[in-house]
Every structure is written in structure tokens, then in C-alpha cells.
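Undergrad: Structure in C-alpha cells, see below.
The values are calculated or read from the model by the stated rules, or taken from the named source; none is laboratory data. Predicted model only: the values in this text are computed from it and were never measured. Neighbour counts are summed over all protein chains in view; Cβ atoms, including those assigned to glycine, are modelled from backbone coordinates with ideal geometry. With ligands, DNA and RNA removed, areas are computed over all heavy atoms of the protein, side chains included. Shrake-Rupley method; radii C 1.70, N 1.55, O 1.52, S 1.80 Å.
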Amino acid sequence: AIDGITVARNSPYTNKGLSAGRHEISVQRDGYKQFKEIIELKPNEDANKVITLEEKLKIYGNLVIETDPAGAVVTIDGRTLANVTPLRYDKLPAEIDHTLVVEKTGLKPVTLKVRVEENKSKTVKIQLGAGKAKLIVHSTPPGGQVYLNNDKKGTTPLEIPDLDTTKEYTLRLMKVGF
């Protein structure tokens, strides 16, 4: 920020229209101490400023993740954890947002933001819901009778929508003469 107004979200940053005089420069990023400095620009003068942010003291919290059903794979900030739920993740950097993705085969994945406080433990309980799938059945020749769990669903080609991914199905295809 320059003089309290956000001017960029990424670096490096160049501002060619800054007037001569005193200006406050402020740079901040999660996990780093905020940098603030007053600079004096002279008329028709170019000024370059290289800023190195100082890392904050590492502060941590703990995260406990429970899912129903258990046995889900957890990814935190793009890093997949070795254990499945329920699990405890110690020394998660505190006071910043983390992206949590919880997945289990056949169930709809859950993505959420989580933040832990310094020297505290936080428990997150996640209910994993059933996913839906569509079954597409083709046959050569077409016109085969499609049965799903012994219920006639129609003839090929056929789409069967909204199947619960947590269930098992028996598919049978019949055609006279084949």
C-alpha cells in the first residue's frame, strides 16, 4: 500500500505516477511481519526500494479431523497427509487460513477453509455425503434390455441418472438371440 491505499497484490510493483513528497509504503503477507516505511521522493527522481519481509515467529496450533464415515484422505494446502481420518495434525501454522480437502472413494469431496489459533487445538467434524453418478449403457447391436438390480430400466442406448455412489449395483443386459 502507498499512503494507506492498496496499489498491488503481487510483487514486483512499479509506480511511475507517484508525486514528489513524503509517502508511507506498507507491504504485508500472511506469515510475515508487516513492513512500513516513510520515503521522501524528490521531483523528477526515480527511486527503487527492495523490501525483504521478515518471517513472523512460527506459531502453531493443532487440528483434529473427524469424518463420518471414517477413512477419508485429507489434503491441507495441497499436501496430502499420510494418515486417513480420524487424524490429528500437530504444528499447523496458526493464525492463517488453510484449505482443507477431504475425500473418500464414492463420496462427494468436501473443501473448506480452516484456521487454528496459537497453542490451541481445533476439532473439525465433517459429514461426507453420497455422490451421484450417471450410468451410460451402449450395446452392439442396440436394443438390448437393461436391468439394474433386476429392475427393467429400458433399452440400449440408455442413460440412468442419479445413482448413489455408495451402493453396489448388478447390471444385466439381455437381447433375444444373443
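Undergrad: For the range 71-87, name all the residues that are surrounded by 13 or more Cβ atoms within 10 Å (Cβ to Cβ) and either β-branched (V, I, T) or closer than 19 Å to Q127 by Cβ (or both).
TA: A72, V73, V74, T75, I76, V84, T85, P86, L87, listed by residue number.
Undergrad: Could you give me the residue pairs with C-beta distances under 7 Å whose first residue belongs to the range 1-23 and is more than 17 Å from I51 (Cα to Cα), whose second residue is outside any loop (DSSP other than H, G, I, E, B) and open to solvent by 70 Å² or more (accessible area, probe 1.4 Å) wherever it lies, and which are 6+ apart or on separate chains?
TA: R22/I38; R22/E40
Undergrad: Mind listing whichever residues of the range 103-149 are among the hydroxyl-bearing types (S, T, Y) and farther than 17 Å from I160 by Cα?
TA: T105, T111, S121, T123, T140
Undergrad: Of the residues T140, T156, only one is open to solvent by 40 Å² or more (accessible area, probe 1.4 Å) and of a type in the set (V, I, T); which?
TA: Going through T140, T156 in turn, just one is open to solvent by 40 Å² or more (accessible area, probe 1.4 Å) and of a type in the set (V, I, T): T140.
Undergrad: Just for the range 21-38: of the residues that are modelled with pLDDT under 90 and not aromatic (F, W, Y), which one is least open to solvent (accessible area, probe 1.4 Å)?
TA: First, the residues of the range 21-38 that are modelled with pLDDT under 90: 28-34.
So of that shortlist, the ones also not aromatic (F, W, Y) come out as 28-31, 33-34.
Working: Q28: 131, R29: 160, D30: 110, G31: 28, K33: 94, Q34: 94 Å².
Among those that are modelled with pLDDT under 90 and not aromatic (F, W, Y), it is G31.
Undergrad: While we're on this one: Being open to solvent by less than 50 Å² (accessible area, probe 1.4 Å), closer than 26 Å to Y32 by Cα, touching a Ser or Thr at 6+ places or on another chain (Cβ under 7 Å) and in contact (Cβ under 8 Å) with a residue 60 or more places away in the chain is true for just one of V64, V101. Which residue is that?
TA: Just one listed residue meets the conditions, V64.
Undergrad: Restricting attention to the range 143-153, report how many residues are in a loop (DSSP other than H, G, I, E, B) and open to solvent by 80 Å² or more (accessible area, probe 1.4 Å).
TA: Step one: filter the range 143-153 for residues in a loop (DSSP other than H, G, I, E, B), giving 143-144, 149-150.
Pick out the ones that are also open to solvent by 80 Å² or more (accessible area, probe 1.4 Å) and you get 150.
Residues that pass the stated criteria total 1.
Undergrad: Something else: Please list, ordered by first then second residue, the pairs with beta carbon atoms under 7 Å, 6 or more apart or interchain, first in the range 149-178 and in contact (Cβ under 8 Å) with a residue 60 or more places away in the chain, second among the aliphatic types (A, V, I, L, M) and open to solvent by less than 90 Å² (accessible area, probe 1.4 Å).
TA: That search, which allows pairs on different chains as well, returns T166/L107; T166/A130.
Undergrad: Separate question: Considering only residues that are in a strand (DSSP E or B), of a type in the set (A, V, I, L, M, F, W, C) and more than 30 Å from T155 (Cα to Cα), which ones fall in the range 121-137? Spell out the reasoning first.
TA: The initial filter retains those residues of the range 121-137 that are in a strand (DSSP E or B), namely 121-127, 130, 132-137.
With of a type in the set (A, V, I, L, M, F, W, C) added as a condition, the list becomes 124, 126, 130, 133, 135-137.
V124, I126 - these are the residues of the range 121-137 that are in a strand (DSSP E or B), of a type in the set (A, V, I, L, M, F, W, C) and more than 30 Å from T155 (Cα to Cα).
Undergrad: Filter the range 159-169 down to the residues that are outside any strand (DSSP E or B) and either small (G, A, S) or surrounded by 11 or more Cβ atoms within 10 Å (Cβ to Cβ) (or both) and list them by number.
TA: Across the range 159-169, the qualifying residues are T165, T166, Y169.
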